[in-house]
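Contents: one structure, followed by commentary.
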Amino acid sequence: MRPLFTLCAIGAAAIPGAAAAQSATGQGEVVIVRPLSLVNTEDLRFGSLIAGTAGGSAVISQTSGARMVTGGVTGAPGDFGPAQFVTAGLASIVVIISVDNATTITRAGGGASMNVTDIATNRPAVSLFPGSGVIDINVGGRLTVAANQMPGDYAGTFNLTVFYL
């Protein structure tokens, strides 16, 4: 009786439309944020700009993420937006949020710099952690572009500080 069972099982696997299975490997990723922490998830990006014969500026809104250019500056298509941070803490904890008001960014390889001013967040300076224990913070600012600004990649840093009370 046993050989007949084996033969029937092999025959069923060969029938068209019979059930079949395949497997593949996937990956899962997660970042566990420690309470009372601050994580930068996106940098402040002014995008690609074209400097003209007159100076101007590019502004990234900390609330909408929109970019506005003025004066002799032309915005080229590309990636731009506010810096994004996530802070985690316990519900109902009061936090004080502060950010540098200005910074200087410099050209890779040297030779030129630009000022970023009016750096601000989308949150009030004193905030309260909601029940979720997470506060998203966006940071925008104004980049001053000189007339005939030297082409190149510019970068710099600013500080965002969250005081937990």
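The values are calculated or read from the model by the stated rules, or taken from the named source; none is laboratory data. Note that the structure is predicted; figures quoted are calculated from it, not measured. Note: ideal-geometry Cβ built from the backbone for every residue, glycine included; neighbour counts use all protein chains shown. In case anyone asks, the SASA skips ligands and DNA or RNA and just uses the protein heavy atoms, side chains included. Shrake-Rupley method; radii C 1.70, N 1.55, O 1.52, S 1.80 Å.
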Computed over the chain: longest principal axis from alpha-carbon atoms vs helix 2-13 long axis, angle to nearest 10 degrees, is 40
How large is the charge dipole for the chain, taken about the Cα centre, if only the Cβ atoms of Lys, Arg (+1) and Asp, Glu (-1) carry charge, to the nearest 20 debye? 240
Ranked output for segments 57-63, 125-131 by mean other Cβ atoms within 10 Å, highest leading, reads 57-63, 125-131
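Please arrange 119, 93 by accessible surface area, largest first, computed with a 1.4 Å probe and ligands excluded.
On the way: 119 10, 93 30 Å².
Most to least solvent-accessible, the answer reads 93, 119.
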Given a 1.4 angstrom probe, what's the average accessible area per residue across the range 30-131, in square angstrom? 54
Among 84-90, 132-138, what's the highest-first ranking by average C-beta atoms within 10 angstrom per residue? 84-90, 132-138
Efficiency by 1/(1 + (r/R0)^6): what FRET value for residue 63 and residue 148, r their Cβ-Cβ distance, R0 = 25 Å, to the nearest 0.05? 0.20
So what's the Cα pair-distance distribution over the chain, bin width 10 Å, in %? 9, 28, 21, 13, 8, 6, 8, 6, 2, 0
Taking +1 at the Cβ of each Lys and Arg and -1 at the Cβ of each Asp and Glu, which of 99, 129, 28 sits farthest along the dipole of the chain towards its positive end, judged by Cα position relative to the Cα centre? 28
